[in-house]
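Single-structure report; data block below.
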Amino acid sequence: MLMLALEFFSWWYGRGWKQVASSLESRLVGVLNSFSVIQLLKTLFAPWRRIITYPGASIGERFKAWGDNAFSRVVGFIVRTFVLLAAFLILIVTAALSLVELIIWPLLPPAIPILLVMGLLG
Amino acid sequence: MSTLIDVSSSRAAQARLGKTIGETGYRILQASAASLEVAALSLGLVNGQRFAWLLMSPAILCYSLAVWWKRQLSVLPPQSSDLNGRLSVDVLSRITTKTPQHPLGLWQAISNHWQANFFLHHLLLVDEVVSPHLSTDSAELDQALKLAGELAERNNSPTIELGFVVAGLMLASSNFKQQLVRMNIKPEDVEAIANWLGRNLTESRRVKHNSGGIGRDWAFGFTPLLNRFGYNVSLNIEKHNAHFGWLTESSGVVSMESALASSTGAVALVGPDGIGKTSSVYALAQRLIEGKSKQGMAYHQVIALSATDITANARRQGDLEQIMLSLAGEAAHAGHIILFFDDAQSFFGSGPGSFDGTQILLSVIQAKSVQMVLAMSSNDYQRLKSSNQSLASLLTPVVLQELPEAGVMHVLEDKAIGLENRHNVLVAYESLHEAYRLSGRYEQDEAYPGKAIKLLEQAVSYSEHSAVTASSVQKAIEQTHGVKVSSAAPAEADELLNLEDKIHERMINQTLAVGVVANALRRARAGVANPRRPIGSFLFLGPTGVGKTELAKAIAATYFGAEANMLRLDMSEYQQPEDVKRLLSDGQSDTMSLIMAVRQQPFSVVLLDEIEKAHPNILNLLLQLLDEGQLTDNSGRAVSFKDCIIICTSNAGAQTIRERVANGEAIESFQNELTDELIKSGQFKPELLNRFDETVLFRPLDQSELSQIVSLMMKEINQTLSNQNISVQLTPAAVEKIVAAGYDPRLGARPMRRTLQKAVENTVAQRILRGETKPGDQVQLDVNDLEL
């Protein structure tokens, strides 16, 4: 029993704590991937879903195509920016929660008897 | 007794605790932690702080234990490189201080785990067969655990899984290995199953790859038309979480990716049916949708197009071209589409449901606007090169090579898991071997692994007690090909052992010839004959009308089930050099060629009459056929003769046989002399005669044998008349008269049938018409009744 208790503490303050730290990284990478952050940054000003108008021969047609394409890029930029903002917000929240977990983690085992004593003593 | 597994180690203790808690305990701990936390928070809010602290303490305890179980106890990562540091949690948790440290003790401790059952089920074994053959010698356990460690290393497994320990126990026991051999199981199969299990474990622990997230496709265009006419391979792979394993890293897939990224971006994926062209493209699609591409094609999607679907949607002239152009335009505009033309030849106007889109494809490829893969067979690629050089030159060929046996077995193992889940059956390992072996022998038109997979799938329908065994595979091939491959059943074995009697029911005498042929058939059916050559090959020498053809027919009827299973070619019609082409025609110009006939009916007696009259080039082909058991047709496709019995007949030496038999010599006494004579006279080359399994001499028939032939023919006549309930008998004098009239020294018994027809059938026919013979009558014909 004592051996198992020692193993528990050894894991909690060793490999277990490391796992919490590494899960911080994987959670952040997960958020970046789920929101396609790298892709969106690379294509921030690209036309939305390639909805573009090919320019014609006349000046008027070219001007119209330029206007259409600029609009498509603006739509793309707005959508991507909103998604990126949401991603960064979630990234910050995730990082904060993970950091809290990392800090609280070593406090949990001693908290068990302390809280028990506090409860009993009132 | 030495202690090999340290049951008192902290790792072993953790494993046992983990097993005690189990998945149920973990859930209870989680639920308890959550409930206590909620209760504590609630009490805290209503100013019951003291009780809140009291509840938080066990809540944290439950949470801590649950986390410890999930991240440590249930997985128990390796601790050190020695045995005790690497044994998996499944093994350690099942061993206690009471477990005897010997092979039998360990087996009894772990045999109820699913990984142990994986071995038992796939080897068709039960515990009662394994336990008695495992020793109680701890030295053997040491050997078993070493083998298990080696298997883990070979499978790149950080821990020694329970399955590897099972394989180690089986392989370290010489007693058990002998038992396996007795059960016709190769000990190597145990290792193969361990590797199969290792791959499954790796696969089950595979971390799902990032597939791009929500904004993956926002920089690419919409593809409404392609979605309507095509099948998005990539999105379906993503949706169903399909995994193509090692195939995604195979040389074919990597070459395809490089070829798509370079040059024109158009690939001709070349290989025979069944080699895995479609699977390779699917594996490429998986690789790309998981963003693994190093060629700038990450998240590109593969869309498969079918000529039939496109044709079905074209209503007017010119619609096809318009649809094709629109599809290509949409793919080019979208920017991340790879078009996949499975059965590409149907887009070049070849085959059913096809149309000629060559010019459209040519212009699209020349513009380098769309990446595409065109899958086709080698023959179709060659045809494209000769018919449309400009298009072919723009395609980068990627030729897929047939997998070696080990590779095919891996594919079959993966397939077996799918079949087991889909059909709720068990696929025994022996069935995989059998599917490989029999598909190699009987499915000549397809390549591995496709043909073996197809056969294994067919075998599911023949499963017994929910198990697909070697016998299921044999039944599947017997059903689809009409061949006998399973062991002869007692009734059939009895028939084979008495084959001579069976043949003699329709053949008179010629015991030497019948015996030789019967022996060859028994060898083939018992699996003793060389499987790379025809079942049997014989040269029948003798005068006309002595039973050479009749014996060939008897073989077709007794061995292949019907006289119709005989392909007969008169070689006197193949005397010119150009006749070789006719013989080997692939069926496009001559549907009656030997090759076509054997392709359609591969289990036959091939009777080549008057072989000595064939052109020497044809005799050279015959050498190849007898040696290799196959011929290659004009278009380069091999056709197997390994399930044929080749019989060549010749009248060469007939005069000598007749004279020497007339002088009272036994036919066996001058066989070698006659053969030498035929070689010296240049009628046969020695290399040809040596290729036959046997040269069989037929002797002329004597008077009594001819009488028996008449009796046999009368049986056939009575068989026909039995429909009218009439039977005919001949008196001995009548038989004698028919023999005298029907025998010709030059033609043997050949005129006998005509004579009998004239003498008996005509007579009976007239009597029936005159009303003299009625149903139920027994007619006896004497000499005077016969119309000769």
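The values are calculated or read from the model by the stated rules, or taken from the named source; none is laboratory data. Just so it is clear, the structure is predicted and the values come from calculations on it, not from any experiment. A quick note on method: Cβ atoms are made from the backbone with ideal geometry, for glycine too, and the neighbour counts reach across all protein chains shown.
Is it the case that the stretch B:506-513 has a residue that's of a type in the set (S, T, N, Q), in a loop (DSSP other than H, G, I, E, B) and closer than 23 Å to B:MET713 by Cβ?
Checking the stretch B:506-513: at least one residue is of a type in the set (S, T, N, Q), in a loop (DSSP other than H, G, I, E, B) and closer than 23 Å to B:MET713 by Cβ.
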For the stretch B:461-480, which residues satisfy the criterion of being within 14 Å of B:ALA416 (Cβ to Cβ) and within 13 Å of the chain's Cα centre (by Cα)? B:ALA470, B:SER472, B:VAL473
Can you tell which of B:LEU17, B:LEU41, B:LEU54 is in a helix (DSSP H, G or I), more than 11 Å from chain A (Cβ to nearest Cβ), on the phi < 0 side of the Ramachandran plot and out of contact with any Ser or Thr (no Cβ under 8 Å at 6 or more places or on another chain)? B:LEU41
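Restricting attention to the stretch B:379-404, which residues are outside any loop (DSSP other than H, G, I, E, B), exposed (fewer than 14 other Cβ atoms within 10 Å of the Cβ) and not β-branched (Val, Ile, Thr)?
Those that are outside any loop (DSSP other than H, G, I, E, B), exposed (fewer than 14 other Cβ atoms within 10 Å of the Cβ) and not β-branched (Val, Ile, Thr): B:SER386, B:SER387, B:GLN389, B:SER390, B:SER393.
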Output the residues belonging to the stretch B:328-340 that are part of a strand (DSSP E or B) and either surrounded by fewer than 24 Cβ atoms within 10 Å (Cβ to Cβ) or at pLDDT below 95 (or both). B:LEU339
If you go through the stretch B:280-292 one residue at a time, do you hit one that is hydroxyl-bearing (Ser, Thr, Tyr) and at pLDDT below 95? no
Scanning the stretch B:146-180 residue by residue, those of a type in the set (Asp, Glu) and part of a helix (DSSP H, G or I) turn out to be B:GLU150, B:GLU153
Among the residues of the stretch B:203-226, is there at least one that is part of a helix (DSSP H, G or I), touching a residue at least 24 places away in the same chain (Cβ under 8 Å), surrounded by 13 or more Cβ atoms within 10 Å (Cβ to Cβ) and within 14 Å of another protein chain (Cβ to nearest Cβ)? yes
Name every residue in the stretch B:442-471 that is touching a Leu at 6+ places or on another chain (Cβ under 9 Å) and polar (S, T, N, Q), in order of residue number. B:SER463, B:SER466, B:THR469
Looking only at the stretch B:67-103, which residues are crowded, with 21+ Cβ neighbours inside 10 Å, free of Cβ contacts under 8 Å to residues at least 60 places away in the same chain and aliphatic (A, V, I, L, M)? B:VAL67, B:LEU73
Among (1) assigned to a helix (DSSP H, G or I); (2) touching a residue at least 40 places away in the same chain (Cβ under 8 Å); (3) of a type outside the set (Lys, Arg), which single condition is B:GLN143 missing? (2)
Test: residue in the stretch A:23-39 that is of a type outside the set (A, V, I, L, M), away from every other protein chain (no Cβ under 12 Å) and out of contact with any Leu (no Cβ under 7 Å at 6 or more places or on another chain): yes
Would you mention how many residues in the stretch B:482-501 are within 28 Å of B:PHE670 (Cα to Cα) and crowded, with 17+ Cβ neighbours inside 10 Å? 1
Kindly indicate whether B:ALA307 is at pLDDT below 90, out of contact with any His (no Cβ under 8 Å at 6 or more places or on another chain) and crowded, with 20+ Cβ neighbours inside 10 Å. yes
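Among the helices (runs of 4 or more DSSP H) confined wholly to the stretch A:18-122, which include 1 or more residues that are within 24 Å of B:GLY212 (Cα to Cα) and within 27 Å of the chain's Cα centre (by Cα)?
Helices (runs of 4 or more DSSP H) meeting the threshold: A:37-42, A:59-104.
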Across the stretch A:45-95, which residue is nearest to A:ARG27 (Cα to Cα) among those that are basic (Lys, Arg) and within 13 Å of chain B (Cβ to nearest Cβ)? A:ARG80
